[in-house]
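Below is one structure, written out as C-alpha cells, with a few remarks after it.
Any read-out appearing in this document is the output of simple, stated calculations on the displayed coordinates, not a laboratory observation. Values in this document were obtained by computation on a predicted structure and should not be read as measured data. Here the Cβ positions follow ideal geometry from the backbone for every residue, glycine too, while neighbour counts run over all protein chains shown.
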Amino acid sequence: MQTAFLIYNLLYLVALIFFLPLEYFKRPTFLRKRWIKEKFGFLEEKEQNLPKIWIHAVSVGEVIAVSRMIRELSEHYKIILSTITDTGQKVAQERFKDCNVKVVYMPFDISWAINRFLKYFSPVAIILTETELWPNLIRIASKTTPIILVNGRMSDKSFKGYYKIKFFIKHLLKKLSLICVQENSYKEKFITLGAEEEKIHVTGNMKFDIELKTINFPWENNIPHPVILAGSTHEPEEEIILNSFISLGINGTLIIAPRHPERFGEVETLINRKIAQSLTKIQFSKLSEIKSFFSPRTSALILLVDQMGILGSLYRICDIAVVGGSFIPHGGQNPLEPSYWKKPIICGPYMHNFPFIEEFIKEKACLMADKDSLMNVMRELVKNYELRQTIGNKAYQLFLNKSGATKKTLKLLKKFIP
C-alpha cells in the first residue's frame, strides 16, 4: 500500500506542476493570492471559541445539496467549508454569510498542505460529499479524526474507474467512519469496492432537501409567457435549445442559464448570431443589463442569465424547465429545483447522474426528449396548460416524498461528532 501511495503522490505532483500555472492565471487577479495560499494550506483562523467541522463540497451543486445540513451544524460548531471551484466559493459565501461558516479553497492533496490545514483548524470531524475521496486527506486525517462521507453516490463511470484500482480504494474506504449514500444501488457499489457494509447507511438524496429563496425580479411581470427556462446548459445545448425555441415561433420568453460563467460571452455571441439568422423578430438582453422591458413590436424575448446563485429562484417564474447537461453525455444537472416550484420538466436522454429521474419519467412527472424531438415536446407543453400543471404537481409530490435525507444524516452524525 505504501508503494501505491508513492505512485499516487508522484502522479499528483506531476499533474500539479503542469496544471498549476493554468489554474492560477485563469482566475481573476483579485482571487489569485488567496487561492494559491489556501491551496497550499496557508490559513489563519482567529476564532477558537467553538469546535470546528471541516465540510468539503466540490462545487455549486454540492454546496446547495448540503446547505441545510451546514446550517443545522453551524448552530453548534464552527464550519470550515471548502470548495474547489470559484463558483462554489461565490455561492457558499453568499448562502452562508449570516452563518458561523468560513469558506475556503480545498488544499491540494499533498501531505504537507493537508497537515498545515489540519493544524490550523483542528477539526473534530471531516465531512466529505458525494464521491470526494482524496487519498492523502483520508490517510492523514483518519489517524485522529472521524471522516464521514454524506450524500454519497457512485456513477457507473466512477465505479468502473475505481474498480480498476480496487486494492487502493478499498484501503481508503475502510478508513471512513460512516458512509451515507443516496440509494441502494450506490450502497452495493461501495460494498463491491471494499467498504464495510455496517458503516453504510442509505439516507436518501440531500438534494431533495433544498430550500430556495423567493426572489422578486423587477422585470418578471413584463416578459411574455410562456417562459421556458433552460438551466445549467453546456455546449452545444444552447444551440439545440435556441433552434427549438425559434422553430416554435411563439410569443414567449426563453431564459438560458449556462452552467459555467466563463461561457457567458460565448453564449451571448451564439444568441446574437441565431437572432440575426432568424426571420422572427426577437429581443435579446442579459439579465444583469435589462434596461427596457419587452416591446410589443417583437414576437419573442431571449434572456441570458449572466449571474451566479439565482438559478434556483429563477425557476419560480418559468412555465417550462429544460434540464441542461442532459442532451450530451454529461449526465444531467439537478432537476429538483424546478420540482420545488411545481414546474414541468423536460430532460434529455443523458440523466445518469440522477438515477431517480427514472421514477419521475415512470410517474409522468418529467418528459424526456432528444435534440430532434425537443421542439415537439416544448410545443406540447406550450399548448396544454393543464398538462403543465399535472406534470408540475406530480414532480412536486415526488420531491416531497423523497425529502428527509438531511434529517437522517444528522441523526447518524451525532454518533461520530463530539
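Here are the numbers for the structure shown:
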read-out	value
Candidate lysines for bridging to Lys411, where Cα separation is under 16 Å - those fewer than 8 sequence places away on the same chain excluded	Lys199
Net charge of neighbours whose Cβ lies under 15 Å from the Cβ of Pro28, counting Lys and Arg as +1 and Asp and Glu as -1	+3
Size descriptor, Kirkwood hydrodynamic radius, that averages inverse alpha-carbon separations across region 66-123, Å	12.1
The chain: calculated mean residue ellipticity at 222 nm from DSSP helix runs of at least 4, using -39500 (n - 2.57)	-12500 deg cm²/dmol
Mean Cα-pair separation over length for region 220-401, i.e. relative contact order, pairs under 8 Å, 6 or more apart, %	22
Gain on full stretching of the segment that runs from Gln277 to Leu11 - 0.36 nm per residue minus C-alpha separation	90.9 nm
Scattering curve values for region 108-208, log₁₀ I(q)/I(0), Debye with Cα scatterers, q = 0.15, 0.19, 0.24 Å⁻¹	-0.59, -0.91, -1.30
Ranked list, fewest to most other Cβ atoms within 10 Å of each Cβ, for Leu248, Leu81	Leu248, Leu81
Net charge over other residues, Cβ less than 13 angstrom from the Cβ of Lys207 (K, R count +1; D, E count -1)	-3
Part-to-part distance (alpha-carbon centres) for region 335-380 and region 250-276, which is given in Å	21
Net charge of Cβ neighbours under 11 Å - reference Ser339; Lys, Arg +1; Asp, Glu -1	+4
Dimensionless Rg over Rh [region 220-401; C-alpha; Kirkwood]	0.94
16 Å Cα-Cα reach of Lys164 towards lysines, excluding residues that sit fewer than 8 places from it in its own chain	Lys189
Volume in Å³ per residue [convex hull over Cα atoms, computed for region 315-357]	56
Whole-number percent relative contact order across the chain, with pairs defined as alpha carbons under 8 Å at least 6 apart	13
Protection-proxy order for peptides 382-394, 122-134, 251-263, 211-223, each taking the mean of Cβ atoms within 10 Å per residue, highest first	122-134, 251-263, 382-394, 211-223
Amide H contacts under 5 Å for Ile127, placed H, 5+ residues apart	Trp54, Ile55, His56, Ile148
Measure of compaction for region 25-121 (Cα Rg per 2.2 N^0.38 Å)	1.03
Derived scalar couplings ³J(HN,Hα) [region 378-384; Karplus, 6.51 cos²θ - 1.76 cosθ + 1.60; whole Hz; x for Gly, Pro]	4, 4, 4, 6, 4, 7, 10
Sites Glu75 and Ser122 - FRET efficiency at Förster radius 22 Å, r taken between beta-carbons, to 0.05	0.65
Rough spin-label spacing in nm, given labels placed 7 Å along Cα→Cβ, for Lys408 and Gln2	4.2
Low-density loop positions, GluC sites (Glu not before Pro), region 16-114 - DSSP coil, at most 12 other Cβ in 10 Å	Glu44, Glu47, Glu75
Order of Tyr120, Tyr186 - criterion: other Cβ atoms within 10 Å of each residue's Cβ, fewest first	Tyr120, Tyr186
Eligible lysines near Lys90 by straight Cα distance, threshold 21 Å, same-chain separation 8 or greater	Lys26, Lys33, Lys37, Lys39, Lys78, Lys102, Lys207, Lys213, Lys286
Histogram of C-alpha separations across the chain, 10 Å bin width, %	4, 21, 29, 25, 15, 6, 1, 0
In region 88-191, the trypsin sites (Lys or Arg not before Pro) that fall in loop regions by DSSP, at most 11 other Cβ within 10 Å	Lys97, Lys143
Under-5 Å amide H pairs with Gln333, H placed in peptide plane, nonlocal only	Gly324, Ser326
In sequence order, calculated HN-Hα J values of region 20-28 (Karplus, 6.51, -1.76, 1.60; Hz; x Gly/Pro)	3, x, 5, 5, 5, 7, 7, 8, x
Amide proton proximity set for Lys286, modelled H, under 5 Å, gap of 5+	Leu304
Candidates per GluC sites (Glu not before Pro) in region 268-363, loop by DSSP, up to 15 other Cβ within 10 Å	Glu363
³J(HN,Hα), Karplus 6.51/-1.76/1.60, whole Hz, each residue of region 69-86, x for Gly, Pro	4, 4, 4, 5, 5, 5, 6, 10, 9, 7, 9, 9, 9, 9, 10, 9, 8, 5
Relative contact order (%) - region 358-412, alpha-carbon pairs under 8 angstrom, separation at least six	39
